[in-house]
Amino acid sequence: MFSRRILFSFLSLTMLALGASTVQAQAARKADSTTKPARIAVINFMHETVTFLPYDTEMDDFIYEGSPARGEALLSSSPKGYIGGFVKVAREHANVELVGIESPLFPKRGTATGWIDKSTYDHFVNKMIAELKAQGPFDGAYLAVHGAMGVRGVAKPEAELARRVREAIGPKAFIVGTFDPHGNEDEDFLRYADLAFCIKYYPHYDGYLQGERAARTLIRSIRGEYKPTTATRKPPILTPSVLQWTGQSPWMDLVQRALVWEAREPDVYVNFYYGFAFMDSEEAGMTFQVMTNGNPELANLIADDMAQTAWRMREELFYGTKVHSMKDGVSLAKEAMAKGEYPIVLADHSDRSGAATWLLEQVIEQGLSDTLIGTVADADLIDKLRNKGVKVGDKFDYMVGGRLDESAGDPVHVVGTVKTVSGGISRFSGAAASQLWVSVEFGDNNRLIISPYLHQNIEPEAFMDIGINPDDFKAIAIKSRVHFRRGYDDNGYAPTILLVEPDQPFLGTIRLEGLNYQHMDLQKFYPFGKNVTYP
């Protein structure tokens, strides 16, 4: 009896020991998987291409102090954007090494310029690929891209970049991309990459968040915890970007539906690309992408639901936003000013070159007072003023703006006094600080800011960078689609907001039928084609 008890106790202790060893082994394996070393290449190549502009984006546009960037300079180049979020989360994981591959930053003329010439694209991509091969091997790559890049002779530049990166780092590595919602994407990027994360809001509040998601999911994929499975749908809807504000229905409803799917189903991510109508691309139009952790049925279910919901809402998506003519907008601004309903924002969403004078012309013609106009782009005039040695207090008597193309209108005669001479607003473009900006006082407390390139103002505080207090004015006339709502609407700054555009169906207006598309067939999209159906 005693010996049996001893034998039972011995067996019990042995089983406990074996069990403990198994648990320890499982824990060790789990620890190994969560701390498995990972080398990740980081690449940046972002551009929103307005293919209807009368000039190309060339090498010189991407080369300025600070650009291209590599190593830590690239990793710290956008602390509040995609890269900032990606770097933060990646560095919270053990045994993760980030390698910043030499990459161009935003072009110095702004994010939205004309076709990129192929030699410029090839130059930067070739350097990226050579550096990937020299510094490899890599377990993963992160591509910070836009989705609406247009390159002459390259049908799908972001997908082509992913293809070449895949060739360089091999089939076993994982690739993730982050995108702007104004991407014209289809399924081709994900033929070569594994994951994509797209900003949901317009204004773009969640770039940092999507960068965080990209890092977390990429590392999980590298360590075997996430098996990317994707589905893509393209309902045939084409809308200009000014209509796509997600602060109101129906656009906010589609964003909310995507968020609900992500909340309901673990490891689900829903990308909503609104599309970018001013890039002439065969990929143009609305797109939904869904990623799941190894569940293709769920990915397809959600992708179908999102696309069919958008199709049901198509009429409101296009016709739900009020846009005024320049003449009517300025007249309404005068009425609001008389009622004390200011500050007033006059948002010219249609100016893609920055040189348009339609709004300035109406401000002068209708005698609108107390108005800050920021900005009209005129690189030639800026050069002339620089060569003259312009200074504060100089008399100003020049023709301003226009000339660049038909959509910019004619130059407008402005007579006044130079009030500020400074570098540009640098919070949006790293190159702006080295530019010359001039502001001119004219009329009844009006101020015109002249810049060399397009500036899309998104917050009134930015004017303080060049010594102008926006609170000194009752109306602010800006060149912006929706981004301005971040600083003027969502925070309650401006009680009166008026969207304005020229009467003609020029580049940038909501009348897309005025554009000469060569690669995209407008008739295949609602509301421009007859009998467009889905699915």
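The values are calculated or read from the model by the stated rules, or taken from the named source; none is laboratory data. As the structure is a prediction and not an experimental result, all values here were calculated from the model. For neighbour counting, all protein chains shown are included, and Cβ atoms are generated from backbone atoms with ideal geometry for every residue, glycine included. What goes into the accessible areas is simple: the full protein's heavy atoms, side chains included, and nothing from ligands, DNA or RNA. Shrake-Rupley method; radii C 1.70, N 1.55, O 1.52, S 1.80 Å.
Of note:
- Helical runs assigned H by DSSP (4 residues or longer) give the chain a calculated mean residue ellipticity at 222 nm of -10000 deg cm²/dmol, each run adding -39500 (n - 2.57) before division by the residue total.
- Calculated P(r) of region 335-375 - Cα pairs past 10 Å, %: 77
- Most to least packed among 72-78, 256-262, 527-533, 269-275 [average Cβ atoms within 10 Å]: 269-275, 72-78, 256-262, 527-533
- Placed amide H near ILE373: partners under 5 Å, 5+ positions off or other chain: ARG447, LEU448, ILE449, ALA477
- Rg to Rh quotient for region 87-185, alpha carbon positions, Kirkwood Rh: 0.97
- Note, ³J(HN,Hα) from phi for region 391-408, Karplus 6.51, -1.76, 1.60, rounded to Hz, x at Gly and Pro: 8, 4, x, 5, 6, 10, 8, 9, 7, 10, x, x, 6, 4, 7, 4, 6, 7
- For ASP503, the accessible surface of its heavy atoms amounts to roughly 120 Å² (probe 1.4 Å, protein chains only, rounded to the nearest 10).
- The magnitude of the dipole of the chain, with charges of +1 and -1 set on the Cβ of Lys/Arg and Asp/Glu and taken from the Cα centre, is near 2200 debye.
- Taking all protein chains into account, the per residue accessible area for region 379-535 stands at 46 Å² (1.4 Å probe).
- Of all accessible heavy-atom area on region 58-98, the percent that carbon and sulfur account for (1.4 Å): 49
- If you wrap region 328-426 in the convex hull of its Cα atoms and look at it from every side, the mean projected area works out to 7.2 nm².
- Simple point charges give the picture: +1 on the Cβ of Lys and Arg, -1 on the Cβ of Asp and Glu, and for region 463-535 a dipole about the Cα centre of about 300 debye.
- Each listed q (0.12 Å⁻¹) maps to a log10 I(q)/I(0) for the chain, found by the Debye formula over equal Cα scatterers with no solvent: -1.14.
- Largest to smallest in accessible area, the residues ASP490, ASP180 fall in the order ASP490, ASP180 (1.4 Å probe, all protein chains included).
- Surface accessible to a 1.4 Å probe, ASP60 within the full protein complex, Å²: 90
- Euclidean distance of C-alpha centroids, region 148-183 and region 96-129, integer Å: 12
- Along principal axes, Cα extents of region 378-502, largest first, whole Å: 42, 33, 31
- Accessible area of region 59-180 divided out per residue, in Å², using a probe of 1.4 angstrom: 38
- Added length on full extension, which subtracts the Cα-Cα distance from 0.36 nm per residue, THR533 to ARG403: 42.7 nm
- In the context of the full set of protein chains, region 205-353 has a per residue accessible area of 35 Å² (1.4 Å probe).
- Phi-based couplings in Hz for region 267-273 (Karplus 6.51, -1.76, 1.60; Gly and Pro marked x): 6, 9, 10, 10, 9, 10, 8
- Each residue, ASP304 and GLU365, gets one label point 7 Å from its Cα in the Cβ direction; the gap between the two is 5.3 nm.
- Check: region 323-403 dipole with +1 on Lys, Arg Cβ and -1 on Asp, Glu Cβ, in debye: 280
- In this structure ILE510 has an accessible area near 40 Å², from a 1.4 Å probe over the protein heavy atoms.
- Spatially proximal lysines relative to LYS322 (Cα-Cα < 29 Å; intrachain offsets below 8 disregarded): LYS200, LYS234, LYS334, LYS339, LYS474, LYS479, LYS524, LYS530
- Split the accessible area of region 282-410 by element, probe 1.4 Å, and carbon with sulfur accounts for 45%.
- When the Cα positions of LEU53, GLY84, ALA379 are compared along the charge dipole of the chain, GLY84 comes out farthest toward the positive end, with charges on each C-beta of Lys, Arg, Asp and Glu.
- Region 141-197: Cα Rg divided by the 2.2 N^0.38 Å rule of thumb: 1.03
- Hz values of 3J(HN,Hα) by residue in region 449-460 - Karplus curve (6.51, -1.76, 1.60), Gly and Pro given as x: 9, 10, 10, x, 9, 4, 10, 9, 6, 10, 7, x
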